[in-house]
Amino acid sequence: MALILGIESSCDETAAAVIDGNGADLAARIVAQRIASQDEAHRPYGGVVPEIAARAHVEVLAPMIEGVLADAGIGLDKVDAIAATAGPGLIGGVMVGLVTAKALAMAADKPLVAVNHLEGHALSPRLADPSLHYPYLLLLVSGGHCQILEVAGVGRYRRLATTIDDALGEAFDKTAKILGLGYPGGPAVERLAREGDPRAVPLPRPLVGSSEPHFSFAGLKSAVMRARQAGIHADADIAASFQQAALDCVVDRTRAALAAAAPQMTALVVAGGVAANAALRGALEALAAAYGLPLIAPPPKLCTDNAAMIGWAGAERFALGYTDPLDVAARPRWPLDANAAPVRGAGVKA
Ligand code: KG4
Ligand code: ZN
């Protein structure tokens, strides 16, 4: 038995889980999990306030870990390792989770596994679907990241594309803000889009058809802003047209990556918070089928931030003998592919 305690605190979700790395399927693998969203605390500010997030993690995390161990019916002495997100993310929150994990590892004399949050997302489809084998093509779409990666194994990532400005989830969140839908915005935009006409508002599709492999969403967001200010269109039509334009961009960019990489890949995989979007999943399913590949997407609850994916990534690492010393650093920036070249405009928030 490899029982892993997983801890996640890099953004606005505090989460803990007990994962059985030897479980045959999803139901057996997630022994217990708890998650506390801070949506209410951040809603008045229209986005995540790092200081508020860190304080909330401090209050919630320790009793949550006690609770999740109780749910699993075990004491800390029964876990084989403690895995925590060590970055990337909001540094205050990351430190709360990582220091808690270090303290538990020291007190119970257990190995520590420092997990890259993006690796948690990247491997979460394997937690959910035991039939998924390496290598696979991964579209990683969250609030902070928008990348296409070849996943050849644990720790073996090659970045093929990234965003030169906003992440896809960020584009959904900004559109939600423009439309007054509040925070968090992605699910609200998806709901409103169902009531609108995706062809009603002409919007740009940045970089579609370009030979450059990357993504760009800043121009689309500005166009949404202008469409709203024009006061001609219904909000539902703007939401539907935005979602269609964004998905057209994602499908086009992913098609370009598949055209080059598909023969070596076992599957097209989508993960990260925006992978919870049903329209995106539908569009990618059709695309994957065109290349003779299955689309693997975790259940929506495993797409948004959670500790099960951190525990699972910890279990995969632990099985390979990777553990980390107690002086391992928290890393607010931590790319999955350390060799990827910086791209024009990356990191510049529009
Ligand atoms: O992975 P995640 O929970 O946190 C990060 O690591 O960023 O992703 C959160 C992002 C947010 O931008 C949120 O608006 C977006 O995922 N999101 C969605 C949906 N559910 C979450 N975007 C579009 N449609 C959804 N259904
Ligand atoms: Zn995330």
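If DNA, RNA and ligands are ignored and the probe is 1.4 Å, what is the ranking of MET225, MET309 by accessible area, most exposed first?
I get MET225, MET309, largest accessible area first.
Share of Cα-Cα pairs in the chain beyond 37 Å, in percent?
17
Could you give log10 I(q)/I(0) at q = 0.10, 0.20 Å⁻¹ for region 5-96, computed by the Debye formula over C-alpha point scatterers of equal weight, without solvent?
-0.28, -0.92
Keeping all protein chains in position, work out how much accessible area THR266 exposes to a 1.4 Å probe, and write it in Å² to the nearest 10.
My reading of the accessible area for THR266 is about 60 Å².
So how do SER37, SER222, SER216 rank on accessible area, 1.4 Å probe, biggest first, that is with the largest at the start? Walk me through the numbers before you get to the answer.
Values: SER37 65, SER222 45, SER216 15 Å².
If we order SER37, SER222, SER216 from most to least accessible, we get SER37, SER222, SER216.
So what is the relative contact order for region 134-298, in percent, with contacts set as C-alpha pairs under 8 Å and at least six apart?
Values: 331 pairs, mean separation 44.6, N = 165.
Relative CO of region 134-298 lands at 27 percent.
Give me the percent of accessible area attributable to carbon and sulfur for the chain, probe 1.4 angstrom.
Carbon-and-sulfur percentage of accessible area, whole number: 56.
Could you work out the relative contact order of the chain? I mean the mean sequence separation of Cα pairs under 8 Å and 6+ apart, divided by the number of residues, in percent.
It rounds to 24 percent for the chain.
Helix 308-319 against the longest principal axis of the chain: what's the angle in degrees, Cα atoms only, rounded to the nearest 10?
Roughly 60 degrees, rounded to the nearest 10.
Near LYS221, which lysines are there with a Cα under 23 Å away, not counting those fewer than 8 places off in the same chain?
LYS174, LYS177, LYS349
On average, how much area does the Cα convex hull of region 81-218 cover when viewed from any direction, in nm²?
So the Cα hull casts an average projection of 11.3 nm².
Mind scanning LYS110/LYS301; LYS78/LYS110; LYS78/LYS102 and naming the pairs with a C-alpha gap bigger than 21 Å? Each step should come with its number before you reach the end.
Details: LYS110/LYS301 29 Å; LYS78/LYS110 10 Å; LYS78/LYS102 17 Å.
Cα-Cα > 21 Å for LYS110/LYS301; rest within.
Return the long-range amide H neighbours of GLY87 (sequence gap of 5 or more, or a different chain), with a cut-off of under 5 Å between placed amide H atoms.
When sequence neighbours closer than 5 places are left aside, the close amide H contacts are HIS117, ARG331.
For region 197-350, state the average projected area of the convex hull of the C-alpha atoms over all orientations, rounded to one decimal in nm².
In nm², the orientation-averaged hull projection of region 197-350 is 12.1.
When the chain is treated as a GNM, springs tying every alpha-carbon pair under 10 Å, which of GLY282, GLY231, GLY75 comes out with the largest mean-square fluctuation?
Checking each option, the largest mean-square fluctuation is seen for GLY231.
Name the long-range amide H neighbours of ALA307: under 5 Å, sequence gap of 5 or more, or other chain; modelled H, no Pro or chain starts.
ALA16
May I ask you to order 103-111, 144-152 by the average number of other C-beta atoms within 10 Å around their residues, highest value first?
144-152, 103-111
Using θ = phi - 60° and the Karplus curve 6.51 cos²θ - 1.76 cosθ + 1.60, what whole-Hz ³J(HN,Hα) does each residue of region 26-43 get, with Gly and Pro shown as x?
4, 4, 7, 7, 8, 6, 7, 8, 9, 8, 10, 8, 9, 3, 4, 5, 9, 3
Go through ALA188, ALA218, GLY155 and say which Cα lies farthest out towards the positive end of the charge dipole of region 134-298; charges sit on Cβ, +1 for Lys and Arg, -1 for Asp and Glu.
GLY155
Using the alpha-carbon centroid of each, what span in Å lies between region 282-329 and region 211-274?
22
Using the Cα centre as the reference, give the magnitude of the dipole from point charges on the C-beta atoms of the chain (Lys, Arg: +1; Asp, Glu: -1; all else neutral), rounded to the nearest 20 debye. Show your work: numbers first, answer last.
Numbers: 29 positive and 35 negative charges, 163 e Å.
So the dipole magnitude of the chain works out to roughly 780 debye.
How large is ³J(HN,Hα), in whole Hz, for each residue of region 111-127 in order, when computed from phi with the Karplus curve 6.51 cos²θ - 1.76 cosθ + 1.60 and θ = phi - 60°, using x for Gly and Pro?
Karplus-based 3J(HN,Hα) across region 111-127 equals x, 9, 10, 8, 9, 6, 3, 5, 5, x, 4, 5, 9, 4, x, 6, 4 Hz.
The values are calculated or read from the model by the stated rules, or taken from the named source; none is laboratory data. As the structure is a computational prediction, the values presented were derived from the model and not from experiment. All Cβ positions, glycine included, derive from the backbone under ideal geometry; neighbour counts span all protein chains shown. Keep in mind that these areas ignore ligands, DNA and RNA; they rest on the heavy atoms of the full protein, side chains included. Shrake-Rupley method; radii C 1.70, N 1.55, O 1.52, S 1.80 Å.
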